[in-house]
Amino acid sequence: ACTGIENIDEAITLLEQNNWDLVAAINGVIPQENGILQSEYGGETLHGPAYGPTSHSTAASSTPSSSSAFRHVVPSRQIVERQPRMLDFRVEYRDRNVDVVLEDSSTVGGIKHILENELQIPASKMLLKGWKTGDVDDSTVLKTLHLPKNNSLYVLTPDLPPPSSSHSGALQESLNQNFMLIVTHREVQREYNLNFSGSSTIQEVKRNVYDLTSIPVRHQLWEGWPPSATDDSMTLAVSGLTFPCHRLTVGRRSSPVQTREQSEEQCTDVHMVSDSDGDDFEDATEFGVDDGEMFGVASSALRKSPMMPENAENEGDALLQFTAEFSSRYGDCHPVYFIGSLEAAFQEAFYGKARDRKLLAIYLHHDESVLTNVFCSQMLCAESIVSYLSQNFITWAWDMTKEANRARFLTMCTRHFGSVVAQTIRTQKTDQFPLFLIIMGKRSSNEVLNVIQGNTTVDELMMRLMAAMEIFSAQQQEDIKDEDEREARENVKREQDEAYRISLEADRAKREAQEREMAEQFRLEQIRKEQEEEREAIRLSLEQSLPPEPKEESTESVSKLRIRTPSGEFFERRFLASSKLQVVFDFVASKGYPWEEYKLLGTFPRRDVTQLDPNKSLLEVKLYPQETLFLEAKE
């Protein structure tokens, strides 16, 4: 109402920057002459359009009829007139820092005009970065950005060549480099590998981590940033990160938790004050505060984001947003929702091994139901329910608030459960939501065991979950028994098939061995036949080349040789005494005893005739007029 800021995150950021001092935060946004607000603590009065905390003792002493926790102060005409607000900018460009001070009525182009004179760089070549609200153009008025008094920016000049200075070149090179940030989410022990350019700011990293972990920037508790990284507007290139890879850890900042009695007491006090001083709020609408909104700002702000986008193309992405929004509303202690399509949830729950199967719990959310907040915060987020669901169920969720999402789920319901279940859900009134469907997978269909409405208690919810688990356990035991029997049969069949395969392989190996043996025998027989044929051809050739045997009444000198074979047989032949010893060797070879394989031995004296010169005559080697020789196989 005082500042016109409607974004709750921006308001909380301003409060954190001022250590949650409401007066200082408002003064920082809309300062005026002599101050808009002054703290009432210490007896000073409030000046300007504001709602401020009031001391009970002071209120009691000054105005007996006023006991309100908030007080509306009507501004005077002179104070309402707004004075120009001065903003300080520290602009970083390579190795220089330029301080710029100007009014919030100026534009971004005004900053560039000042920097043009200081840096001697054309304004058209400048890219002014570091805005916490994203990129802006030169015509943007600074007042519309809701900036704090002190701001840090940096200038990029991609169209200009780098300077000769080695330091400036190194900085420009760092801005162009990519940093790999390995961010560990402490609560879930999960790592994210994120790539950022050196020109990205620390604030951009934190916003990206918020998208992944659902931890708002203001609640993030970091470990691992270098000591030099003191400002979220600082670029990664100058923050001191380890290149190319740097490890960080993020978790959720713990917040004080009120006891139930304190919450009830505080709630009672608020209602008492509101009833007694209702007249003080009659003019609240003048400042943009609707009836019933004064004490529901936090709740309504949290409900601005829908649980699930309308007409989401991918069910997994829709479930990611649902989980993140559910965590931001009701805390991190909640069921672990399955991320994926309903068919994938069926596959995970029903189609594994019988021992690993689980029940499927489908949570149907509806923001317009009066039971939703109580059911989610008190029952669905109870530790006993969360633990029991995580051990025995696959939990899948869907938001029925939007008509398109409702129609989409009813279509899925008809396809998987039939028209009866879909009609049952279709006829449920808004105030009967949220619904909890317990699904059990069977061989031929999926059975809805139970439909739990939102008007229940933790004990009743637990009892109905346990009752469904008993039915499922009985069915699961039967499935396990059937599966074990089936696996036993399959094992026997596999063993038989394996034994048959081994027998076939043995028979095939035996047959192949026999075939190889027969082939080898045939090959050897062929070689033997060829060798015999070759020897026979040589024998016949030698036999035909022998000179004719001389007759006994020949007038020439004749030598008569008697040769004994290894088998004991004898054969005789006459040779001319002038014939060469080679003729005898050829004669013996023609009888099947080649001199390469046999030795021809003489008796008296015992000598190896095959060692003699085959070109000498029989007379020269003393095989005349007759001689008895015997054949012996060589070793």
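If you filter the stretch 314-343 down to residues that are open to solvent by 40 Å² or more (accessible area, probe 1.4 Å) and among the hydrophobic types (A, V, I, L, M, F, W, C), you find that the one that is nearest to LEU465 (Cα to Cα) is VAL336.
Select from the stretch 31-56 the residues that are open to solvent by less than 30 Å² (accessible area, probe 1.4 Å) and of a type in the set (Val, Ile, Thr) and write down the one among them that is modelled with the highest pLDDT. By that ranking, first place goes to ILE36.
For the stretch 349-383, filtered to residues that are within 31 Å of the chain's Cα centre (by Cα) and open to solvent by 60 Å² or more (accessible area, probe 1.4 Å), the residue that is nearest to PHE326 (Cα to Cα) is GLU383. The number of residues in the stretch 564-614 that are hydroxyl-bearing (Ser, Thr, Tyr), open to solvent by 10 Å² or more (accessible area, probe 1.4 Å) and outside any strand (DSSP E or B) comes to 6.
For ASN405, state whether it is closer than 19 Å to ALA345 by Cβ, surrounded by fewer than 19 Cβ atoms within 10 Å (Cβ to Cβ) and of a type in the set (S, T, N, Q). Spelling it out, it is not the case that ASN405 is closer than 19 Å to ALA345 by Cβ, surrounded by fewer than 19 Cβ atoms within 10 Å (Cβ to Cβ) and of a type in the set (S, T, N, Q). When the stretch 441-467 is limited to residues that are among the small types (Gly, Ala, Ser) and at pLDDT below 90, the one that is nearest to ARG426 (Cα to Cα) turns out to be GLY454. Contact annotation: residue pairs with Cβ atoms under 8 Å, 6 or more positions apart or on different chains, pairing a residue in the stretch 235-250 that is more than 13 Å from SER200 (Cα to Cα) with a partner that is open to solvent by 20 Å² or more (accessible area, probe 1.4 Å) and among the aromatic types (Phe, Trp, Tyr), are LEU248/TRP222; LEU248/TRP225; THR249/TRP222; VAL250/TRP222.
Among the residues here, SER387 qualifies as at pLDDT 90 or above and surrounded by fewer than 16 Cβ atoms within 10 Å (Cβ to Cβ). For the stretch 239-257, residues that are more than 12 Å from PHE179 (Cβ to Cβ) and touching a strand residue (DSSP E or B) at 6+ places or on another chain (Cβ under 9 Å) total 6. The requirement of being under 30 Å from ASP399 (Cβ atoms), among the small types (Gly, Ala, Ser), modelled with pLDDT of 85 or more and surrounded by 12 or more Cβ atoms within 10 Å (Cβ to Cβ) is not satisfied by ALA422. So, MET440, is that one within 25 Å of GLU348 (Cα to Cα) and under 36 Å from the mean Cα position of the chain (by Cα) or not? Taking the combined requirement at face value, the residue satisfies it. Across the stretch 615-635, the qualifying residues are those that are in a loop (DSSP other than H, G, I, E, B) and touching a residue at least 60 places away in the same chain (Cβ under 8 Å), and the one among them that is least open to solvent (accessible area, probe 1.4 Å) is LEU623. Among the residues examined, ARG303 does not qualify as modelled with pLDDT of 85 or more and open to solvent by 30 Å² or more (accessible area, probe 1.4 Å).
Looking across the stretch 507-559, the residues that are free of Cβ contacts under 8 Å to residues at least 40 places away in the same chain, among the hydrophobic types (A, V, I, L, M, F, W, C) and either open to solvent by 80 Å² or more (accessible area, probe 1.4 Å) or touching a Lys or Arg at 6+ places or on another chain (Cβ under 9 Å) (or both) come down to MET518, PHE522, LEU524. Any residue at all in the stretch 454-472 that is in contact with a Ser or Thr (Cβ under 9 Å, 6 or more places away or on another chain), open to solvent by less than 50 Å² (accessible area, probe 1.4 Å) and more than 30 Å from LEU342 (Cβ to Cβ)? Within the stretch 454-472, none of the residues are in contact with a Ser or Thr (Cβ under 9 Å, 6 or more places away or on another chain), open to solvent by less than 50 Å² (accessible area, probe 1.4 Å) and more than 30 Å from LEU342 (Cβ to Cβ). Scanning the stretch 231-247 for residues that are more than 25 Å from the chain's Cα centre (by Cα) and part of a loop (DSSP other than H, G, I, E, B) yields ASP231, ASP232, SER233, MET234, SER239, GLY240.
Listed by first and then second residue, the pairs linking a residue in the stretch 172-191 that is at pLDDT below 85 to a residue that is assigned to a helix (DSSP H, G or I) and open to solvent by 30 Å² or more (accessible area, probe 1.4 Å), with Cβ atoms under 8 Å apart and 6 or more places separating them unless they lie on different chains, are SER174/VAL238. Suppose the filter is at pLDDT below 90, over 22 Å from GLU536 (Cα atoms) and in a loop (DSSP other than H, G, I, E, B); does SER554 pass it? For SER554, the condition - at pLDDT below 90, over 22 Å from GLU536 (Cα atoms) and in a loop (DSSP other than H, G, I, E, B) - is met.
The values are calculated or read from the model by the stated rules, or taken from the named source; none is laboratory data. Keep in mind that this is a model prediction, so the values were computed, not measured. For neighbour counting, all protein chains shown are included, and Cβ atoms are generated from backbone atoms with ideal geometry for every residue, glycine included. Remember, those area values only see protein heavy atoms, side chains included, never the ligands or the DNA or RNA. Shrake-Rupley method; radii C 1.70, N 1.55, O 1.52, S 1.80 Å.
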